[in-house]
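Bear in mind these aren't lab numbers, they're just calculated from the coordinates by the rules spelled out. Source: prediction; values computed, not measured.
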Amino acid sequence: MIAHLTAAVAHEIRNPVTVVRGFLQLYREDPAFDDPIKNKFQLMIDELNTVEQITSQFLTLSKPNQDQKPEKVDVKDVLQSVTGLVCSYAMLSDNQMDIEAEEDCFIFINPIEFKQLLMNLIKNAVEASNMGKPIKVIAKRNHHYIEIKIMDEGTGMSEDEIRSLGTPFYSLKSNGTGLGLMICFNIVEKYDGEINYESVKGIGTTVTIRFLATDGE
């Protein structure tokens, strides 16, 4: 019932936001308004985009995603795809991505959700990193499991902060909602995986996700 209520509220928020944003976009292109006013329209559009992003995250949490079926996924292929997208984002802060992925690392998971999981965790590592520091991602087989480690040399976290990760609306970012990481925890739990954080203040953070390996054939 809570899931259905959350989805209903998110939809009711999204509909008027879409209408208001559409009118603002029209006004922004209207030559009758000068540039200072158009800049204010753009600011309002940006804020509405934030609302849209948050409601989308609510919908992701509330929907069981039954249409997203699990399948055999090559971890190295997905990692290369994700890091290709994140690399340009990391370069804005002069951060380098270092990827080490073993061959024949297969897991049984929905590829869209797995990609979303990696995107969120790697993006968090980039945002937590100090400028110019590398972000390292290692994927390898450990007995019957596939382990993926994402390591940064950022600000780090205390034990209390680590324990609060995954809690709704808990975020160490000034403009964060905490929903992205909550979605990560839900995806890992959905596929019977494990997620673990190790961090030291002022040194950096290592997040390890672990899934049962599946046969590559």
Return the aspartates and glutamates within reach of Lys72: Cα separation strictly under 20 angstrom, same-chain partners fewer than 8 residues apart disregarded; answer none if there are no such residues.
-> Glu102, Glu103, Asp104, Glu113, Glu147, Glu189, Asp192, Glu194, Asp215, Glu217
Amide H neighbours of Asn95 under 5 Å, at least 5 residues apart or on other chains, H built in the peptide plane: list them.
-> Gly132
Qualifying aspartates and glutamates (Cα of each under 12 Å from Cα of Lys38; at least 8 residues distant if same chain) | Glu29, Asp30
